[in-house]
Amino acid sequence: MDQFDVLDHGAAQFARVLGTVTPQDWAFPTPCEGWTVQDLVVHVVGGTKMSVALLDGATSDEAFAILQRDVLGTEPLDTFNEAHAQLSAKFRALDSLEVTVHHMVGDIPAALLLGFRIGDLTLHSWDLARAIGADETLDPVLVQAVWEAVSPLGDSISETGVFGAGPSGDVPDDAPLHVRLLDLTGRRP
């Protein structure tokens, strides 16, 4: 499976969980400190739309401005699916994943942006499922892809500020990979 298929796999997983969100769920807290279900979904949908803009050549300021708008619309699942279809098409149309995009973290290759999106979709699928009491099962293909991307960060992952407290130190090396991934990224399954 190529990276673009992994991205689409991640989107399908996120959409599966998003499709189970009820109107009462939007205010529920998530494992992401300070975020409600709505905040998390805004982050994922906004990040998807922002990534489309980045691949179209937007500056980081122009892309960030997307996050300041109403990104969900009246049908968040449809909005997400449409944004993801655009993103998938943009990635697949690139001549090279080495093209530079002007992300908020700085200028990065599109390959890194692709990795960011796969990680976001995978980890936030779990966060969303945990928040609303849905099936938390993560696709093993996604778990492997994200593990390969973030595990080299090891002990320094907590210093990034992106993954909460980072690993707890309580999960054994022989625990299932999804449990190790969740723990590494500051989640406590």
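Taking other Cβ atoms within 10 Å as a rough exposure proxy, MET1, MET104 sort from fewest to most as MET1, MET104. Before anything else, pin down the relative contact order of the chain: Cα pairs under 8 Å, at least 6 apart, normalised by residue count, whole percent. The value is 23 percent. Site-free segments of the chain were taken between GluC sites (Glu not before Pro) in DSSP loops having at most 12 other Cβ atoms within 10 Å, sites themselves excluded; the longest one is 99-189. For the range 1-79, applying the loop criterion from DSSP together with a ceiling of 13 other beta carbons within 10 Å to the trypsin sites (Lys or Arg not before Pro) yields ARG69. Classification of the range 3-134 by its C-alpha gyration tensor yields a prolate form. The axis ratio a/c (a ≥ b ≥ c) is 1.5 or more, and a/b outweighs b/c. Remark: LEU55, LEU87 ranked as LEU55, LEU87, counting other beta-carbon atoms within 10 Å and listing the fewest first.
Over the residues of the chain, the helix contribution to mean residue ellipticity at 222 nm works out to -17500 deg cm²/dmol, using -39500 (n - 2.57) for each DSSP H run of at least 4. For the pair ASP78 and SER96, label points projected 7 Å from Cα toward Cβ lie 4.1 nm apart.
Between THR22 and ALA175, the simple label model (points 7 Å from Cα in the Cβ direction) yields a spacing of 3.1 nm.
Just so you know, all these numbers are worked out from the coordinates, no wet-lab data involved. Given the structure is predicted, the values throughout are model-derived calculations rather than measurements. Cβ coordinates were reconstructed from backbone atoms using ideal geometry, including for glycine residues, and neighbour counts include every protein chain displayed.
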